[in-house]
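*Asks:* Before we start, here is the structure in question, set down as structure tokens.
The values are calculated or read from the model by the stated rules, or taken from the named source; none is laboratory data. On a predicted model such as this, the values are computed, not experimentally measured, just so you know. Positions of Cβ are generated from backbone atoms using ideal geometry, with glycine treated the same way; all protein chains shown enter the neighbour counts. To get the accessible areas, we keep the full protein, side chains included, count just its heavy atoms, and leave off ligands, DNA and RNA. Shrake-Rupley method; radii C 1.70, N 1.55, O 1.52, S 1.80 Å.
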Amino acid sequence: PDPALPAGRTVLQAVVGDLPLTVRGPERIGLTGDNGSGKTTLLEALLGRYAAPHVTVHHLTGRVGHLPQRLVLDEDATVLDLVGAAAPQAAPHEVRAGLARFLLRGDAVAQRVGTLSGGERFRVALARILLAEPPPQLLVLDEPTNNLDLDTVDQLVEALSAYRGAVLVVSHDDAFLGRLGIDLRLDLSPDGTLREVADV
């Protein structure tokens, strides 16, 4: 679904240390940094879920889709019910059509989430976010390619290429960031300093 995000609309405005951070329209921002530098903590602070003294959030859209490193899903729900709950206005056949774009077809949509493979669970989690009504205007992804097979990474790139909202993604995978067409790359140093990286 189209998040209806005009190019000039601010979805996130914050200050991290001394660096002002503004995300407008369908911008794509990559966040890199060494393990343990605090990238996940920074995301939590930007989302208003953690109070970090060096992060001040002035504005955040109310329509955020967050895909954390550790997926927490209702293991007993079926794929169709779980994704359908995020889009209550959609008819079951519309949800099925949306799930088919994530390679979840036929009997797979009736399976319980707890029986799915890691790649299938990831696709369900992503579908639940991207097919939500109203769709998110900002998508925040924390190391989304960790533990994914190549087919699922390709599916993720395809889905994000079709998504017309803003993206903030943490990743160590330079090839993945390149395929996403990142507009701005930020790097978080071990001391918590955030800086822009010129080689986008």
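*Asks:* Residues of region 57-100 being of a type in the set (Lys, Arg), under 20 Å from Glu120 (Cα atoms) and at pLDDT 90 or above, which ones?
*Replies:* To start, the set of residues in region 57-100 that are of a type in the set (Lys, Arg) comprises 63, 70, 96.
Filter once more, so that each one left must be under 20 Å from Glu120 (Cα atoms): 70, 96.
Answer for region 57-100, where residues must be of a type in the set (Lys, Arg), under 20 Å from Glu120 (Cα atoms) and at pLDDT 90 or above: just Arg96.
*Asks:* Does region 48-60 hold any residues that are surrounded by 13 or more Cβ atoms within 10 Å (Cβ to Cβ), in a loop (DSSP other than H, G, I, E, B) and within 19 Å of the chain's Cα centre (by Cα), and which are they? Spell out how you get there, then give the answer.
*Replies:* Within region 48-60, the first condition is being surrounded by 13 or more Cβ atoms within 10 Å (Cβ to Cβ), and the residues that meet it are 50, 52, 54-57, 60.
After this cut, where a residue has to be in a loop (DSSP other than H, G, I, E, B) as well, the list is 50, 52, 54.
Listed by number, the list holds a single entry, Tyr50.
*Asks:* If you take the residues of region 1-32 that are part of a strand (DSSP E or B) and under 23 Å from Leu126 (Cβ atoms), which of them is most open to solvent (accessible area, probe 1.4 Å)?
*Replies:* Filtering region 1-32 for residues part of a strand (DSSP E or B) gives 10-16, 19-24, 28-32.
Next, from what is left, pick out any that are under 23 Å from Leu126 (Cβ atoms): 11-12, 23, 28-32.
Details: Val11: 0, Leu12: 2, Val23: 3, Arg28: 29, Ile29: 2, Gly30: 0, Leu31: 5, Thr32: 10 Å².
Only one residue fits best here, namely Arg28.
*Asks:* Might you let me know whether region 61-74 holds any residue that is of a type in the set (Ser, Thr, Tyr), open to solvent by 60 Å² or more (accessible area, probe 1.4 Å) and over 25 Å from Asp151 (Cβ atoms)? Before you say what the answer is, go through the steps one by one.
*Replies:* Taking region 61-74 as the starting set, the residues that turn out to be of a type in the set (Ser, Thr, Tyr) are 61.
Still in the running and open to solvent by 60 Å² or more (accessible area, probe 1.4 Å): none.
Scanning region 61-74 turns up no residue that is of a type in the set (Ser, Thr, Tyr), open to solvent by 60 Å² or more (accessible area, probe 1.4 Å) and over 25 Å from Asp151 (Cβ atoms).
*Asks:* Before we move on, is Ala159 assigned to a helix (DSSP H, G or I) and closer than 25 Å to Asp81 by Cβ? Before the answer, list the steps.
*Replies:* On the way: assigned to a helix (DSSP H, G or I): yes; closer than 25 Å to Asp81 by Cβ: yes.
Judged against the criteria, Ala159 is a match.
*Asks:* I've got another one for you. Given the options Val124, Val109, name the one that is modelled with pLDDT of 90 or more, β-branched (Val, Ile, Thr), within 28 Å of Leu12 (Cβ to Cβ) and surrounded by 13 or more Cβ atoms within 10 Å (Cβ to Cβ). Outline the logic, then answer.
*Replies:* Working: Val109 fails: within 28 Å of Leu12 (Cβ to Cβ).
That would be Val124, the only listed residue that is modelled with pLDDT of 90 or more, β-branched (Val, Ile, Thr), within 28 Å of Leu12 (Cβ to Cβ) and surrounded by 13 or more Cβ atoms within 10 Å (Cβ to Cβ).
*Asks:* For region 112-121, name all the residues that are surrounded by 14 or more Cβ atoms within 10 Å (Cβ to Cβ) and part of a helix (DSSP H, G or I).
*Replies:* Val113, Gly119, Glu120, Arg121
*Asks:* I'm trying to understand the selection: among the residues of region 144-159, which are buried (at least 21 other Cβ atoms within 10 Å of the Cβ) and at pLDDT 90 or above?
*Replies:* Hit for region 144-159 is Pro144, nothing else.
*Asks:* Here is a follow-up. Quick one: in region 182-200, of everything that is in contact with a Lys or Arg (Cβ under 6 Å, 6 or more places away or on another chain) and surrounded by fewer than 15 Cβ atoms within 10 Å (Cβ to Cβ), which residue is nearest to Leu42 (Cα to Cα)?
*Replies:* Here the residue is Val197.
*Asks:* Out of everything in region 83-106 that is open to solvent by less than 20 Å² (accessible area, probe 1.4 Å) and either aliphatic (A, V, I, L, M) or not in a helix (DSSP H, G or I) (or both), what residue ends up being nearest to Asn146 (Cα to Cα)?
*Replies:* Looking at residues that are open to solvent by less than 20 Å² (accessible area, probe 1.4 Å) and either aliphatic (A, V, I, L, M) or not in a helix (DSSP H, G or I) (or both), I get Phe102.
*Asks:* Please list, ordered by first then second residue, the pairs with beta carbon atoms under 8 Å, 6 or more apart or interchain, first in region 136-147 and over 14 Å from Asp174 (Cα atoms), second open to solvent by 10 Å² or more (accessible area, probe 1.4 Å) and among the basic types (Lys, Arg).
*Replies:* Correct list of pairs: Pro136/Arg63; Gln137/Arg9; Gln137/Arg63; Leu138/Arg63; Asp142/Lys39.
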